[in-house]
Structures are given as C-alpha cells and as structure tokens.
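The values are calculated or read from the model by the stated rules, or taken from the named source; none is laboratory data. For clarity, every value in this text was computed on a predicted model and none was experimentally measured. Because the Cβ atoms are built from the backbone with ideal geometry, glycine has one as well, and the counts that use them run over all protein chains shown.
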Amino acid sequence: MRIGVFGGAFDPPHLGHVALARAAVAQWGLERLYIVPTGHASHKTRSLTPAPHRLALCALAFADVAKATVDAREIERHGPSYTVDTLESLQREHPDAQLYLFVGQDQAQTLQHWHRPADLARLAIICAAHRPPSADSEKHFDVLAAAKFAIQNLHMPAMAHSASDIRERLAQHQSIETLVPPSVARYIAHHHLYQAP
C-alpha cells in the first residue's frame, strides 16, 4: 500500500497545491493521500488563520482530487506540529504501507532544519516539486542536492502560485480567481478572510 502525506499551512490552499496533489497520486500510484494542515507551526513568525477555516478550505480545495482526504491530526495534537510525528502516527496505523512525503521546493530547501530530519528520510520517501526560478534566485533549484539525504523529483508543471501572494492580493482587494479553486474563493469572500484590518 502506498500512502502519501502532503502537509502545510494551506493558508489558503491554492491551485498549485491541488496540482501537486494530483501529480503525487498519479506519479506514485497512491492508494491514499493525506492532506495535513499544520497545527501550531513553531517556525512561522505570523499567526495562521484559525484551524477550522483552513480545514474547511482544504476540504473544498481537494474535494475533486482522487484518493485525497483531509486529516486534522496535527491540528488536534497539542504542542508544535512536527511532520515526523505525523509520519510515525501513520506508520503505526498502516504498518505495511510505504509512506511518501510530498513537499514544495521551498520546503525541500530547509528539510535539514526540520525536527528529526534523519527520521523523516527513514519513515518516508521524500518527493519534492519545483517552483519556476524567480528573479532573485541564483540558479535553478537542484532538488537532489537540496539535502543530505535522497529526495525524489515530483514531476509536475511549474507553477508560481504562493499563499503569501494570495493573502497580499486579498488584503489589497485584488482578484484571486485564477489562483484558487472557485469554491475556495467563495469561502474566503463569504468569511471575509485575509482582509486588511
């Protein structure tokens, strides 16, 4: 059994996240892909949008992704959210499964600084997607050289979507209709999320 884990703040989830999820299921023949919104992210300097909103947004964003299911275990866990704890939990639930951890390029570049990075590589096959090179990037990101352990490439079209850009657009009352699924845009508008104070 092949089980994938795709975690993140998802604040908000966008079309890049959805594309990554679809690519993960297709490329690795996953039987299940857990979408795991972060609970208490100790590495984040800003406050996250309340968890119930992020869970609802994820349910909407990934509703049409085959094999995907939104999982609240990190939100329900007390204390900091560590991916390694989630992988250990899933390993206990599915002892015969091969776990796959999916991350974006920006996450892959910092994996060696995550909590217990060696155990991440022991528990799961780590797969990273690419973002297109930005104007301030010195060179195109080589995912295989990003960490001290092996990382597999997740093949998908490069997408420049970012949650921070979407939040900034919303704060400036700009359209996000080409960046998020329509259901996500409607939910954000209905609940007045990411509006400037």
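Key figures for this structure:
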{"read-out": "Arg46 vs. criteria exposed (fewer than 15 other Cβ atoms within 10 Å of the Cβ) and either of a type in the set (Lys, Arg) or touching a Phe, Trp or Tyr at 6+ places or on another chain (Cβ under 7 Å) (or both)", "value": "yes"}
{"read-out": "Any hit, segment 54-74, residues being exposed (fewer than 14 other Cβ atoms within 10 Å of the Cβ) and either of a type in the set (Lys, Arg) or over 17 Å from the mean Cα position of the chain (by Cα) (or both)", "value": "no"}
{"read-out": "Filter result (among the small types (Gly, Ala, Ser) and not in a helix (DSSP H, G or I)) within segment 165-192", "value": "Ser175"}
{"read-out": "Residue satisfying condition, being in contact with a strand residue (DSSP E or B) (Cβ under 7 Å, 6 or more places away or on another chain) and within 30 Å of His155 (Cβ to Cβ), within set Leu57, Leu33", "value": "Leu33"}
{"read-out": "Residue list for segment 90-114, filter: more than 20 Å from Gln152 (Cα to Cα) and either within 18 Å of the chain's Cα centre (by Cα) or at pLDDT below 90 (or both)", "value": "Leu90"}
{"read-out": "Where Val84 falls short, out of the listed (1) over 30 Å from Ser183 (Cα atoms); (2) surrounded by 21 or more Cβ atoms within 10 Å (Cβ to Cβ); (3) touching a His at 6+ places or on another chain (Cβ under 6 Å)", "value": "(2)"}
{"read-out": "Residues that are out of contact with any Phe, Trp or Tyr (no Cβ under 6 Å at 6 or more places or on another chain), basic (Lys, Arg) and on the phi < 0 side of the Ramachandran plot, drawn from segment 49-88", "value": "Arg73, Arg77"}
{"read-out": "Restricting segment 1-14 to residues that are closer than 15 Å to Ile126 by Cα and in contact with a strand residue (DSSP E or B) (Cβ under 6 Å, 6 or more places away or on another chain), the residue that is surrounded by the fewest Cβ atoms within 10 Å (Cβ to Cβ)", "value": "Arg2"}
{"read-out": "Sole exception among (1) under 21 Å from Leu33 (Cα atoms); (2) out of contact with any Gly (no Cβ under 9 Å at 6 or more places or on another chain); (3) at pLDDT 90 or above for Ala128, by number", "value": "(2)"}
{"read-out": "Only one of His17, His40 that is at pLDDT below 95 and either more than 28 Å from Glu177 (Cβ to Cβ) or surrounded by 21 or more Cβ atoms within 10 Å (Cβ to Cβ) (or both)", "value": "His40"}
